[in-house]
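Read the figures in this text as sums done on the coordinates, not as results from a lab. These figures come from a predicted structure and were not determined experimentally. Glycine also receives a Cβ, built like all others from the backbone with ideal geometry; neighbour counts cover every protein chain displayed.
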């Protein structure tokens, strides 16, 4: 349980940190997203109910800090990010046995893909609201760039959280034996 | 699926339904609450960021000093450090004097604010400022600098507010053009092609024939932005099927915002 609260804290810190990380000019001004990496790391380490709770918290923060309310309309319905996070974290959670066996590379790649999926979902929602949709190379880079960055940072993030899980005595690795001999 | 997972899923579904049912007012209130909660971290993070930038600048000058001869190194380092510190102070004084001058001569009632954080999302162009309800700021108030229009406030909590920049596609400003009777609507672009965003001036007549460098100002139509605030200069004018469209370079460098003013009303003239 301590590990879960540490993850909540990390999500909050990452969310604040994102405000101070400028977009990367060498990657078509793609933004750096750390929160999804923390959430997806948590998704493979936490049990299902806590994974849902973490997705709820991260989605809530994302919507509260980014969604625009303009006059009498909300651009993206509050709570939509929670749903997106939960679905993607659910997919990551489904591949948990692979992670417990030490096959981290699958989850690193998936973290990147899922991070891009969040941005793509946001883009589709705002395009629907604004009544026009277009996919220029810039749009693809804005969607794909953060995913690439997430793939790169997910490996140290997984390692750090794995270390934290050990340090706090979180027992997710106990399942390792079970999966290996099943 | 275990019993606890099913219960968790049901609770999650109920909470999700509750959040999805939020209207604009509830969303604004919740957003203001969350921003209020994060305000100390955003404010201190902004200070920390400035310190880090300042330290890295000084380290660079130290590297340069190593190349010079040993006798001058100490003296040079001291002079450079003093110089740097004075330059920082001078920059700060100039910036504040500029701001104060503008505030004095402006016809508007202005609340000075500092930008503490920039947009953290891909699709919205916003900045966060360190002023809120306690300073008399409300939603939909224009935000300016001495150079021109910056945007308008959206989410406002007690001592922190979010400003939607004019470079955002959602920020629509009625504009008039210098030396012309043409009027149009300025909006930002959904996806910026570079760090410096450009603005689109739409709904111009096909005969507008705007020239590069022509200035645009707020026309005052719509009620949010008072008239006469510079928005930008025409970069290029192009004809579309039904109307004309101009691309503008913003008057304000939106990538380097430090101090801004929130327009809370007009000054009473005696």
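Summary of values
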{"quantity": "Equivalent ellipsoid, chain B (semi-axes from 5 times Cα gyration tensor eigenvalues, Å)", "calculated": "36, 32, 21"}
{"quantity": "Cβ-Cβ FRET estimate between residue B:20 and residue B:100, R0 fixed at 41 Å, reported to 0.05", "calculated": "0.30"}
{"quantity": "Rough spin-label spacing in nm, given labels placed 7 Å along Cα→Cβ, for residue B:235 and residue A:168", "calculated": "4.7 nm"}
{"quantity": "Inter-site label distance for residue A:24 and residue B:92 at 7 Å from Cα along Cβ, in nm", "calculated": "3.4 nm"}
{"quantity": "Peptide A:12-24 - average C-beta neighbours from other chains (10 Å radius)", "calculated": "5"}
{"quantity": "Fewest-first ranking of B:120, B:180, using other Cβ atoms within 10 Å as the exposure measure", "calculated": "B:180, B:120"}
{"quantity": "Per-selection metrics, segment B:96-168 (Cα): Rg and Dmax in Å", "calculated": "12.1, 37"}
{"quantity": "Alpha-carbon centroid distance for the pair segment A:67-134 / segment B:151-175, whole angstrom", "calculated": "25 Å"}
{"quantity": "With 10 Å bins from 0: P(r) over segment B:118-270, alpha-carbon pairs, percent", "calculated": "12, 42, 33, 12, 2, 0"}
{"quantity": "Projected label distance in nm at residue B:202 and residue A:9, using a 7 Å step from Cα toward the beta-carbon", "calculated": "4.8 nm"}
{"quantity": "Förster radius 45 Å - calculated FRET efficiency between residue B:76 and residue B:185, Cβ distance, rounded to 0.05", "calculated": "0.20"}
{"quantity": "Volume of the Cα convex hull of the protein assembly as shown, divided per residue and given in Å³", "calculated": "189 Å³"}
{"quantity": "Segment B:205-270 and segment A:1-38: distance between their alpha carbon centers, rounded to Å", "calculated": "35 Å"}
{"quantity": "Peptide B:235-248, shielding by other chains (average Cβ, 10 Å cutoff)", "calculated": "0"}
{"quantity": "Over segment B:145-227 - Rg/Rh using Cα atoms and the Kirkwood inverse-distance radius", "calculated": "1.00"}
{"quantity": "Estimated FRET transfer efficiency (residue A:134, residue A:91; beta-carbon r; R0 30 Å; 0.05)", "calculated": "0.60"}
{"quantity": "Relative exposure of B:125, B:87, judged by other C-beta atoms within 10 Å (fewest first)", "calculated": "B:87, B:125"}
{"quantity": "Neighbouring partner chain Cβ atoms per residue of B:5-12, average, 10 Å criterion", "calculated": "4"}
{"quantity": "Cα-based equivalent ellipsoid of segment A:1-134: semi-axis lengths in Å, sorted from largest, via gyration tensor", "calculated": "26, 17, 15"}
{"quantity": "Neighbour-count order for A:163, A:141, fewest beta carbons within 10 angstrom listed first", "calculated": "A:163, A:141"}
{"quantity": "Ordering of A:68-75, B:138-145 by packing [mean C-beta count within 10 Å, highest first]", "calculated": "B:138-145, A:68-75"}
{"quantity": "For segment A:4-60, convex hull of alpha carbons as volume per residue, Å³", "calculated": "78 Å³"}
